[in-house]
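Beneath this line is the structure, given in structure tokens, with notes to follow.
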Amino acid sequence: MDFTRRELIAGCSALAIAAVLPSVAHAITTPEERETAIREATRGATVTPGRVTLGIPQVAENGLSVFTTVTVESPMTEADHVRAIHLISEKNPLPRVASFHLGPRAGRAKVSTNIRLANSQRVLAIAEMSDGTFWSDEKSVIVSIGACIDGG
Amino acid sequence: MALAVARVSMPATAKKGDIIEIKALMRHVMEPGYRSDNRGQIIPRDIVKSLSVMYAGAEVFRMEMHPAIAANPYVVFSTVAVDTGELVFTWTDEKGATTVEKKPLMVTA
């Protein structure tokens with residue numbers, strides 16, 4: 001599926017107009033939905049800020065594709081490694097963005113991907129360690145043009 | 001939409017114990033299911049759900065994706081070169097259709 005730039009802008013405008021109508025199906029994530037997503041990812045465990053570095057632009061010109069890197073301080077040995085990394089959004093239609101499952105054979109705890117951001121918001125990265133602890137980092141991102149996904 | 005082309009970029013050879021960087025790209029629309037077409041009809045959701053990477057007898061990396069992953073899902077990760085062999089990348093969409101890409105890795109002592 002290829003959009004011309006003109007079609008994309010027209011489509012986004014149409015959705016922005018649709019957003020003011022009451023019948024829009026997908027609003028942004030509520031704080032409760034975000035909390036639920038965090039609980040799902042952590043199975044209710046306590047999350048401590050630290051050990052995780054979320055690399056994401058402070059200002060994203062295009063919310064359709066924002067290059068995001070998560071690095072976790074870990075020796076990545078059999079005894080002490082990162083099991084999983086979760087990315088959670090605050091103001092996308094759905095709070096879950098991605099989960100990465102790693103292990104000692106990853107060698108280093110660093111992953112990058114391109115994500116969509118519908119609005120300016122905080123992005124949360126949570127790392128699950130092999131000892132069962134959870135660590136996190138959070139960054140605010142200003143999105144100039146939101147991903148055209150919910151009219152937001 | 002049938003799953004289409006996947007591309008993987010990684011070294012062809014590595015020393016045993018080296019950490020190699022792998023870049024994997026799958027060509028896919030990642031339609032989130034919120035958008036309307038120009039007749040006002042919702043475009044049905046169509047996303048790749050996961051990427052799994054098998055190497056030397058184990059799954060060394062898995063990524064679960066949601067609609068907030070950008071079109072043409074791209075990921076960079078790493079693995080330790082343990083043995084000469086193939087890395088098998090499997091992308092699976094929501095309907096269970098898979099795309100498989102294989103890359104050989106020659107590991108020297």
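Points to keep in mind about this one:
- Of everything in segment A:128-152 that is part of a loop (DSSP other than H, G, I, E, B) and within 14 Å of chain B (Cβ to nearest Cβ), the residue that is modelled with the highest pLDDT is A:Gly146.
- Within segment A:28-76, the set of residues being within 19 Å of A:Ile142 (Cα to Cα) and among the small types (Gly, Ala, Ser) comprises A:Gly55, A:Ala60, A:Gly63, A:Ser65.
- When segment A:101-125 is limited to residues that are of a type in the set (Lys, Arg) and under 20 Å from A:Ser144 (Cβ atoms), the one that is surrounded by the fewest Cβ atoms within 10 Å (Cβ to Cβ) turns out to be A:Arg122.
- Among the residues making up segment A:33-53, those that are part of a loop (DSSP other than H, G, I, E, B) and either in contact with a Ser or Thr (Cβ under 7 Å, 6 or more places away or on another chain) or of a type outside the set (S, T, N, Q) (or both) are A:Arg43, A:Gly44, A:Ala45, A:Gly50, A:Arg51.
- The set of residues in segment A:54-91 being in a loop (DSSP other than H, G, I, E, B), hydrophobic (A, V, I, L, M, F, W, C) and buried (at least 18 other Cβ atoms within 10 Å of the Cβ) consists of A:Ile56, A:Leu64, A:Met76.
- Of all residues in segment B:63-79, those satisfying the criterion of being surrounded by fewer than 20 Cβ atoms within 10 Å (Cβ to Cβ) and at the interface with chain A (Cβ under 7 Å from one of its Cβ atoms) are B:Glu64, B:Tyr74, B:Val76.
- Matching entry among B:Pro32, B:Pro44 (being crowded, with 19+ Cβ neighbours inside 10 Å and modelled with pLDDT under 95): B:Pro32
- Verdict on A:Leu87 being facing chain B (nearest Cβ under 10 Å) and aliphatic (A, V, I, L, M): yes
The rows are residues; the columns are (1) in a strand (DSSP E or B); (2) out of contact with any Phe, Trp or Tyr (no Cβ under 7 Å at 6 or more places or on another chain); (3) surrounded by fewer than 21 Cβ atoms within 10 Å (Cβ to Cβ); (4) of a type in the set (A, V, I, L, M, F, W, C).
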| residue | (1), (2), (3), (4) |
| --- | --- |
| B:Asn38 | no, yes, yes, no |
| B:Lys49 | yes, yes, yes, no |
| B:Val53 | yes, no, no, yes |
| B:Phe61 | yes, no, no, yes |
| B:Lys95 | no, yes, yes, no |
| B:Glu101 | yes, no, yes, no |
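- Exactly one residue out of B:Leu25, B:Leu105 is of a type outside the set (Phe, Trp, Tyr), over 22 Å from A:Ser89 (Cα atoms), within 11 Å of another protein chain (Cβ to nearest Cβ) and outside any loop (DSSP other than H, G, I, E, B): that is B:Leu25.
- Any hit, segment A:140-147, residues being within 24 Å of B:Lys23 (Cβ to Cβ) and surrounded by 21 or more Cβ atoms within 10 Å (Cβ to Cβ): yes
The values are calculated or read from the model by the stated rules, or taken from the named source; none is laboratory data. Here the structure is a predicted model, which means the values were calculated and not measured. Note: ideal-geometry Cβ built from the backbone for every residue, glycine included; neighbour counts use all protein chains shown.
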